[in-house]
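Notes to accompany the following structure.
All of the numbers you see were taken from the coordinates with simple rules; none came from a lab. Keep in mind the model is a prediction, meaning the values are calculated, not measured.
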Amino acid sequence: MFCKKHNLLKDSKKISLMKKEDLENLFLHQKPAKLLVKIKEGQGTKYASVLSKEVDCTYSHCVRLLQIMKNFKLIEFEKKGRINIIKLTKLGEDVAFAIENLVRVLERVNL
């Protein structure tokens, strides 16, 4: 089953079945792109609850996006007690850097 708003798979069991097109759809939306960039910009440790507030989305939506990013090996979770600390992988850093560059280029476009 797909989420109509984001064309993402809703069922957590099916998240691993996502295709390249789904990855493109993920980062062509504002919240997932902002989420990845916020993880990159983060000073210190990042938690899902803090990120959800910074990106202005619900905690459950944030966790779903983070799980999808983890399945694409863009982030990894480091468990410290009951808390999951979120860190970018090398691939995640590259994608976040590319998104930041795209935003800078688009800001120069005069509309």
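Among the listed pairs Lys34/Lys87; Lys38/Lys79; Lys53/Lys79; Lys38/Lys87, which are separated by more than 18 Å between their Cα atoms?
Lys38/Lys79; Lys53/Lys79
From zero outward in steps of 5 Å, how is the percent of C-alpha pairs of the stretch 30-108 spread across the bins?
In whole percents, the pair-distance histogram is 3, 16, 28, 28, 16, 7, 2, 1, 0.
Got the relative contact order for the stretch 65-111 handy, in percent, Cα pairs under 8 Å and 6 or more residues apart?
Over the stretch 65-111, the number comes to 26 percent.
Quote to one decimal, in nm, the extra length available between Asn101 and Ile85 on full extension: 0.36 nm per residue of separation minus the C-alpha distance between them.
3.2 nm
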